[in-house]
Amino acid sequence: MYLTEVNTLQIIRKQYQFKLKAYVGAFTSLLVMQVTAILFSLGGTGGMSSSDGYLYISGTQYNGSIVIAFTMLWAFISSILITTKAYRNDDFTFVTNRFTSHVSNIYFLLAASIFGGITAMLSGYLLKLIAYLFYNYDAILVTEHAISSILVGATSTIFYILLFSALGYVIGVLVQLSKLFIILIPAFVIGNLFLQAGERVSPLVDFNKVVHFYISESSILLFMVKVSVTILVLFSLSIFITNRMEVK
Amino acid sequence: MSVIKCEKLTKSYGENKALHELSLTVEENKITGLIGRNGAGKTTLLKIIAGYLRKSSGNIEVFSEQPFNNLKVSSNMIFVDDQMNFPTALHLKELLYVAKDFYPNWDMDLAERLFDYFSFHPNERHHRLSKGMKSTFNMIVGLASRCPLTIFDEPTTGMDASVRKDFYRALLKDYIAFPRTIILSSHLLNEMEDILEDILLIRKGEKYLHMPISDVKAYAFGIRGESSAIKEWSSDKEILHQKQIGDGSSYIVVTNTSYKLAKSAKLEQFTISPVAAEDVCIYLTRNEKGDIDHVFNRG
Amino acid sequence: MSDLFVFIPLIIIVMLAGFIVIAMGKNSIRFVKVPHIRWFLTGYLSILIIVTVVFYFLPEDKFASIDPSELGAREPLQQEFRSTAHEGNLSETEHVYMKEKWEFSSEGKTVQVVSDSEAFDRGMVFAETKDSNDGKIEVIKYALRPTFKIDEDYEGFQVEFVDNKLKVIAPTQTSFEYPIFQNEFTITQFTGEQGGHVSIYDVLEIEVIHVRVPKGVELIGEVLYVND
């Protein structure tokens, strides 16, 4: 029996195609998450009211922000899930090594994030259309909805979702490396939250600052650079720390 | 060409040594039975060969490469055991197509015929199958993938007798048509000894014996006779096994070398019988504390 | 945008909960597979795309389009509007216009300004004495145009002159509820669009009443005399 010559790229592509089929359930949970978020958003994603004694105004916001936030959480949790033993061992049933397993996972997450990002972005229009058709308003205030902003929005949404994917992935990988992280990570996060809530001691990592680093970036290009660098670091770290890990 | 080459291969978990300075060579296109008791290190050895586990020290080469995390080894090897997991999202039939995609030598025709023969339903899910059916499905994947190195670790777990027979027959037929290196690990040697060429016996992480099955069959002889005569005769022989038989006679198993040495002696008074390969393996891998009877023979 | 920070701890906690459930799970947790999910996904995406296209073709009669950059712009203007009124220099400018004008004949020496409303004493009536006594009280109502008008029929404050009293009648209390279609935070972050916080000054027409009384007549009540 002759030996097969290996082509890493080809194996990655096969693994990726395999995962599109095998992890299709990830899309089921995406659908459930987004539909739930849409239902939550039907009553408005936020509101404001003010009054001067004669006129009471109350505005209800409609957009897809909650759907996007839910999708980010979905990406985080799904990414942890595909690092677990059950999913990893599926890969090793067929042809793979640790590197191709990770890279094909990343490709899958990329594909899932693109789908999730586009649907999350467009779900805002569904909410607005429902509000337009079914709620009896006299006037609707609309901020400018440039068609080009769909492109900007979809791009940045995808990047946000990928960011959460990468974060979930590296956390999941750490747990595979050592179960100690099941305790260490929550302890770190909760401890940090308390430190942040208290005024006297400065937290180890100021989550607000971390969030600020991304959400206050007003240039889409710089934002993409920031997120790309972050996810590159997180995914590389994941690949690096598990390359010597035993499986099965 | 040798497919697997180990030199002083050691795998330790903390203080425990699952494998201890194991050296062996498996030649191309042979069916080797890996025999050993539970905990002897069979699965550890196979997983190191498959590249799942890392060696602790020593050297191992599979297809002349280090197997751990090796894509070439993974591409040319399939590891079938009862822990084999398949994605739960896919039907059995879909799994066959996934396997086809990964293994270039995959024979879909064979897979489908076996699939029908064992009456699998295309829409079933692997994780819902019974233990025996799981093993049967895994076996189909292992056979149809036609990997240059095919490893079956306890492949018959849960299979009923007739499926086991079918399996060994299918394995042999496919091996003859498409020779490849196959390692079968099991503790049920007797049912597969007909198809094995070599036997690799390991005991407590060490290689004990590696020889053609025909040599194993001639490795020892059983001798039966009056107890005191047996005792006298065997005093300088290597006894693998001995047993009292009710009527004041004994049965002992001695290695072939001891037997040859003693051929001149008066063996006529004893009944001599061959010992099955499986029994040889049992005697060789038995621990020093004697057999289970010792536990009960306290008096 | 600042709203988002409120949710950070909440989001972190949800993430943690998800993490713990998966990491601690004894049995491996798997995605749930639903039959025909591909069709559901295709259908879902198609609906969303169609909806988006439809949104851009909606008749615009119900839309009061907001230029996000103008949101909140009236807030500083209304301060300026009142102080200018206090200085007596109010005239029609870019956002200010003369909305209504009344003229009443007065006989007494004092005219009281009264109102039926509690919210009246907020510096909305400014008085100025004319150079001569022509026996006429002139009342001019100036208004600051809102960023967008939500009620075309809004008349605002009305003025009556009864029994030598200048009566300021408040508009009937109304409430106005409206939806705001905003962009998602992933868009506003880059377009610089503010969170779409519509201040009441963005939609309410702010009014001041400028009263010019004849020489020798005094206005009493909640009135501010313009500074000369």
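The values are calculated or read from the model by the stated rules, or taken from the named source; none is laboratory data. Just so it is clear, the model here is predicted, and its values are computed rather than measured. Ideal geometry is used to build each Cβ from the backbone, glycine not excepted, and the neighbour counts take in all protein chains shown.
Once region A:95-126 is narrowed to residues that are within 30 Å of C:V53 (Cα to Cα) and among the aromatic types (F, W, Y), the residue that is farthest from the other protein chains (Cβ to nearest Cβ) is A:Y107. If only residues of region B:29-57 that are among the polar types (S, T, N, Q) and more than 14 Å from chain A (Cβ to nearest Cβ) are counted, the one that is nearest to B:L196 (Cα to Cα) is B:T32.
Considering the conditions (1) surrounded by fewer than 19 Cβ atoms within 10 Å (Cβ to Cβ); (2) touching a helix residue (DSSP H, G or I) at 6+ places or on another chain (Cβ under 7 Å); (3) modelled with pLDDT under 95, B:D107 is excluded by exactly one of them, (3). Taking region A:119-163 as the search range and keeping residues that are aromatic (F, W, Y) and surrounded by 24 or more Cβ atoms within 10 Å (Cβ to Cβ), which one is nearest to C:L41 (Cα to Cα)? Filtering region A:119-163 for residues that are aromatic (F, W, Y) and surrounded by 24 or more Cβ atoms within 10 Å (Cβ to Cβ), the one nearest to C:L41 (Cα to Cα) comes out as A:Y125.
Based on this model, can you work out whether A:F92 counts as more than 9 Å from chain C (Cβ to nearest Cβ), within 22 Å of B:K100 (Cβ to Cβ), among the hydrophobic types (A, V, I, L, M, F, W, C) and in contact (Cβ under 8 Å) with a residue 40 or more places away in the chain? Considered against the rule, which asks whether it is more than 9 Å from chain C (Cβ to nearest Cβ), within 22 Å of B:K100 (Cβ to Cβ), among the hydrophobic types (A, V, I, L, M, F, W, C) and in contact (Cβ under 8 Å) with a residue 40 or more places away in the chain, A:F92 comes out as yes. Evaluate region C:189-201: report whether one residue or more is more than 9 Å from chain A (Cβ to nearest Cβ) and hydrophobic (A, V, I, L, M, F, W, C). No, the conditions are met nowhere in region C:189-201.
For region A:17-31, indicate whether the set of residues that are out of contact with any His (no Cβ under 9 Å at 6 or more places or on another chain), without any contact (Cβ under 8 Å) to a residue 60 or more places away in the chain, within 18 Å of B:V98 (Cα to Cα) and not in a helix (DSSP H, G or I) is non-empty.
Within region A:17-31, the first condition is being out of contact with any His (no Cβ under 9 Å at 6 or more places or on another chain), and the residues that meet it are A:17-31.
Next cut, without any contact (Cβ under 8 Å) to a residue 60 or more places away in the chain only: A:17, A:21, A:24-25, A:28-29, A:31.
Right, trim to within 18 Å of B:V98 (Cα to Cα) and you get A:17, A:21, A:24-25.
Next cut, not in a helix (DSSP H, G or I) only: A:24.
Yes: one or more hits.
Residue count for region B:209-245, restricted to those that are over 26 Å from B:R37 (Cβ atoms) and not charged (D, E, K, R): 7.
Of C:I200, C:I206, C:I150, C:I137, which residue is surrounded by 15 or more Cβ atoms within 10 Å (Cβ to Cβ) and modelled with pLDDT of 85 or more? Walk me through how you get there before you give the answer.
On the way: C:I200 fails: modelled with pLDDT of 85 or more; C:I206 fails: modelled with pLDDT of 85 or more; C:I150 fails: modelled with pLDDT of 85 or more.
Checking each option against the conditions leaves just C:I137.
Against the list (1) over 18 Å from the mean Cα position of the chain (by Cα); (2) in a helix (DSSP H, G or I), the condition A:L110 fails is (1).
For region A:127-154, the set of residues classified as over 20 Å from C:I47 (Cα atoms), facing chain C (nearest Cβ under 7 Å) and charged (D, E, K, R) consists of A:E144 only.
Mind checking which residues of region C:158-184 are of a type in the set (S, T, Y) and surrounded by 15 or more Cβ atoms within 10 Å (Cβ to Cβ)?
Narrowing region C:158-184 to residues of a type in the set (S, T, Y): C:172, C:174-175, C:178.
Passing the criteria: only C:Y178.
Within region C:52-76, being closer than 12 Å to C:V203 by Cβ and touching a Gly at 6+ places or on another chain (Cβ under 9 Å) holds for C:I66, C:L71. A Cβ distance below 8 Å, combined with a sequence gap of six or more or placement on separate chains, defines the contacts here; from region A:191-217, residues that are in contact (Cβ under 8 Å) with a residue 40 or more places away in the chain reach residues that are surrounded by 14 or more Cβ atoms within 10 Å (Cβ to Cβ) in the pairs A:Y214/A:Y160; A:Y214/A:L163; A:Y214/A:F223; A:Y214/A:K226; A:Y214/A:V227. Can you find, within region B:126-137, the residue that is nearest to B:E154 (Cα to Cα) among those that are within 14 Å of another protein chain (Cβ to nearest Cβ) and surrounded by fewer than 17 Cβ atoms within 10 Å (Cβ to Cβ)? In this case the residue turns out to be B:H127. The selection criterion, being within 16 Å of the chain's Cα centre (by Cα), closer than 23 Å to A:T96 by Cα, modelled with pLDDT of 95 or more and of a type in the set (A, V, I, L, M), does not hold for A:L237.
A quick yes/no check of all residues on (1) surrounded by fewer than 16 Cβ atoms within 10 Å (Cβ to Cβ); (2) of a type in the set (F, W, Y); (3) over 16 Å from B:V280 (Cα atoms):
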| residue | (1), (2), (3) |
| --- | --- |
| B:L209 | no, no, no |
| B:I213 | no, no, no |
| B:A220 | no, no, no |
| B:S228 | yes, no, yes |
| B:D236 | yes, no, yes |
| B:L240 | no, no, no |
| B:S250 | no, no, yes |
| B:T255 | no, no, no |
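If you take the residues in region A:36-68 that are surrounded by fewer than 17 Cβ atoms within 10 Å (Cβ to Cβ) and in contact with a Ser or Thr (Cβ under 9 Å, 6 or more places away or on another chain), which one is farthest from the other protein chains (Cβ to nearest Cβ)? For region A:36-68, the residue satisfying everything is A:G43.
Sort out for me the helices (runs of 4 or more DSSP H) sitting completely within region C:1-108 that have 3 or more residues that are in contact with a strand residue (DSSP E or B) (Cβ under 8 Å, 6 or more places away or on another chain).
On the way: elements: C:2-24, C:37-56, C:74-87.
Correct list: C:74-87.
Among the conditions (1) out of contact with any helix residue (DSSP H, G or I) (no Cβ under 7 Å at 6 or more places or on another chain); (2) crowded, with 21+ Cβ neighbours inside 10 Å, A:G116 misses just one, which is (1). May I ask you to verify whether B:K72 is basic (K, R) and either part of a loop (DSSP other than H, G, I, E, B) or more than 8 Å from every other protein chain (Cβ to nearest Cβ) (or both)? Criteria not met by B:K72.
Okay, residues lined up against (1) closer than 22 Å to A:E5 by Cα; (2) among the charged types (D, E, K, R); (3) within 12 Å of another protein chain (Cβ to nearest Cβ); (4) assigned to a strand (DSSP E or B):
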{"site": "B:V141", "(1), (2), (3), (4)": "yes, no, yes, no"}
{"site": "B:V163", "(1), (2), (3), (4)": "no, no, no, no"}
{"site": "B:Y168", "(1), (2), (3), (4)": "no, no, no, no"}
{"site": "B:K173", "(1), (2), (3), (4)": "no, yes, no, no"}
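Within region B:143-184, the set of residues being within 12 Å of B:D82 (Cα to Cα) and among the small types (G, A, S) comprises just one member, B:G158.
With B:T156, B:T181 as the choices, which residue is closer than 16 Å to B:L34 by Cβ, of a type outside the set (A, V, I, L, M), crowded, with 20+ Cβ neighbours inside 10 Å and at pLDDT below 95?
Values: B:T181 fails: at pLDDT below 95.
On inspection, the qualifying residue turns out to be B:T156.
Within region C:22-44, the set of residues being β-branched (V, I, T), modelled with pLDDT of 85 or more and surrounded by 14 or more Cβ atoms within 10 Å (Cβ to Cβ) comprises just one member, C:I37.
For region A:206-233, the tally of residues that are among the aliphatic types (A, V, I, L, M), surrounded by 13 or more Cβ atoms within 10 Å (Cβ to Cβ) and under 23 Å from C:L10 (Cβ atoms) stands at 3. Take the residues in region A:1-35 that are among the polar types (S, T, N, Q) and farther than 30 Å from B:N70 by Cα; name whichever of them is farthest from the other protein chains (Cβ to nearest Cβ). Once the filter is applied, the top-ranked residue is A:Q34. I need a count of the residues in region A:37-66 that are without any contact (Cβ under 8 Å) to a residue 60 or more places away in the chain and either part of a helix (DSSP H, G or I) or among the aromatic types (F, W, Y) (or both). Matching residues across region A:37-66 total 6. Scanning for something away from every other protein chain (no Cβ under 14 Å) and touching a residue at least 60 places away in the same chain (Cβ under 8 Å), does region B:100-122 turn up at least one residue? Yes.
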